[in-house]
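Inspection log for the structure reproduced underneath, given as structure tokens.
The values are calculated or read from the model by the stated rules, or taken from the named source; none is laboratory data. Given the structure is predicted, the values throughout are model-derived calculations rather than measurements. Methodologically, a virtual Cβ is constructed for each residue, glycine included, from the backbone with ideal geometry; neighbour enumeration extends over all protein chains shown. Areas reflect the complete protein model, heavy atoms only, side chains present, ligands, DNA and RNA absent. Shrake-Rupley method; radii C 1.70, N 1.55, O 1.52, S 1.80 Å.
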Amino acid sequence: MDKRVVNGNNMKSIFKHFTEGCESMVSNLIVEQVECFDIGQILESGQVFRFEQINENSYILIAKQKRIKLVQQPGSNNLMIHHTTVGEFDEIWKAYFDLDTDYKGISKTLSDKDAYMKAAIEFGYGVRILKQDPWEMLISFIISQNKAIPHIKQCIANITERYGDEIGYDHDTDKTYYTFPTPEQLLRATEEELRECKVGFRAPYIVDACKKVTSGEVDLNELYILSASEAKEKLMQIKGVGPKVSDCILLFAYSKMDLFPTDVWIKRVIEGMYFEGKEISLKAIQTFAREYYGDLAGYAQQYLFFYGRENNLYK
DNA sequence: TATCAGGGTCGTT
DNA sequence: AACGACCCTGAT
């Protein structure tokens, strides 16, 4: 058994590297001492759509052109990642899972705000904000509008099966998985074909996104260096991308952490917690969040979304 | 069987 | 600024 210990990031994580059986040449990895990290909470917090739960403690995740299996025992600070390597961990997963960010400090600051936030963070202590692919987030959140999460996942799966490249077969789920199609690959899809993927009235929006991204009219790489409001303006040039969808893209792919995507769930939670259940405008919620949570608004949103939706609060 | 809402946005008043 | 329409699906 090949065993290796690597150390050294802000979290002082230790990685053990091992190979298991002879099923494949790709090895597995144990990440030790992960803080504020619960893989189930992270995946179920509504920011990512390409995963499946295998059992209570295991998930398959498709991201970064790869398929990994994640296992974490309840309350454990150890995370096992199957089908990956130490090299891949350093290059890909460390950033993807935002492991260099001090969630202990962030959750402490937010918990001290008020009892509601404290309760939300106690409930979702292991929530993190992933750093995902901009193009995939753009298409995924265009699809998300006026849809339930299981349906969103289904549409995205349909699109990847039809236009992505095969990644491989998974024994646990008995399914074959595909990459998320590139803008060039998805550009080949007609509106009618997209409707066959069940995206409905969003099909022309996806066509428009493909055109504007492949032509360079909207440069997704440029958005990293733009301010949140400038980037938002760019994204909203694409049909079907409004304020909520662009906020999600900028939070979940570009780490613009001061944004506060406001959907029906968050709206209800904020109204219930801070406005005595009275209905207030989206604009008022944005203003409140920006002032109250400051540059931690994005994190607050994620804790509140998970808390509110998992507990069906204020419905 | 019918109605409704779901991580909103667009086009029309 | 307000309002209905919109594909499709699962829950009542």
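What pairs come out if I take residues in segment A:145-161 that are of a type in the set (A, V, I, L, M, F, W, C) and in a helix (DSSP H, G or I) and pair them with residues that are open to solvent by 30 Å² or more (accessible area, probe 1.4 Å) and within 10 Å of DNA strand C (Cβ to nearest atom) whose C-beta lies under 7 Å away, six or more apart or interchain?
From segment A:145-161, the pairs are A:155/A:198.
Test residue A:282 against the stated conditions and say whether it is more than 16 Å from the chain's Cα centre (by Cα), within 14 Å of DNA strand B (Cβ to nearest atom) and open to solvent by 10 Å² or more (accessible area, probe 1.4 Å).
Working: more than 16 Å from the chain's Cα centre (by Cα): yes; within 14 Å of DNA strand B (Cβ to nearest atom): yes; open to solvent by 10 Å² or more (accessible area, probe 1.4 Å): yes.
In short, yes.
Name, by its number, the condition in (1) surrounded by 17 or more Cβ atoms within 10 Å (Cβ to Cβ); (2) within 15 Å of DNA strand B (Cβ to nearest atom); (3) modelled with pLDDT of 95 or more that does not hold for residue A:243.
Tallying (1) surrounded by 17 or more Cβ atoms within 10 Å (Cβ to Cβ); (2) within 15 Å of DNA strand B (Cβ to nearest atom); (3) modelled with pLDDT of 95 or more, residue A:243 fails exactly one: (1).
Conditions: (1) in the same structural domain as residue A:202 (by TED's automatic domain parsing); (2) part of a helix (DSSP H, G or I); (3) open to solvent by 30 Å² or more (accessible area, probe 1.4 Å); (4) hydrophobic (A, V, I, L, M, F, W, C). Residue A:119 meets all but one. Number of the miss?
(1)
Considering each residue of segment A:246-261, count those that are outside any helix (DSSP H, G or I), touching a Pro at 6+ places or on another chain (Cβ under 8 Å) and near DNA strand B (Cβ under 9 Å from one of its atoms), and give that number. Give the derivation first.
To start, the set of residues in segment A:246-261 that are outside any helix (DSSP H, G or I) comprises A:253-261.
From the residues that got through so far, the ones that are touching a Pro at 6+ places or on another chain (Cβ under 8 Å) too are A:253-254.
Now restrict to residues that are near DNA strand B (Cβ under 9 Å from one of its atoms): none.
Number of matching residues: 0.
Output yes when any residue across segment A:211-221 is within 13 Å of DNA strand B (Cβ to nearest atom), open to solvent by 10 Å² or more (accessible area, probe 1.4 Å) and more than 30 Å from residue A:291 (Cβ to Cβ), and no when none is.
yes
Quick check on segment A:166-187. Is at least one of its residues at negative phi, within 16 Å of DNA strand C (Cβ to nearest atom), among the aliphatic types (A, V, I, L, M) and open to solvent by 40 Å² or more (accessible area, probe 1.4 Å)? Let's see the steps before the verdict.
Quick first cut of segment A:166-187, residues at negative phi only: A:166-167, A:169-173, A:175-187.
If we keep only those that are within 16 Å of DNA strand C (Cβ to nearest atom) too, we end up with none.
For segment A:166-187, residues at negative phi, within 16 Å of DNA strand C (Cβ to nearest atom), among the aliphatic types (A, V, I, L, M) and open to solvent by 40 Å² or more (accessible area, probe 1.4 Å): absent.
Take segment A:23-53 and flag every residue that is in contact with a strand residue (DSSP E or B) (Cβ under 7 Å, 6 or more places away or on another chain), modelled with pLDDT of 95 or more and more than 17 Å from residue A:99 (Cα to Cα).
A:50, A:51, A:52, A:53
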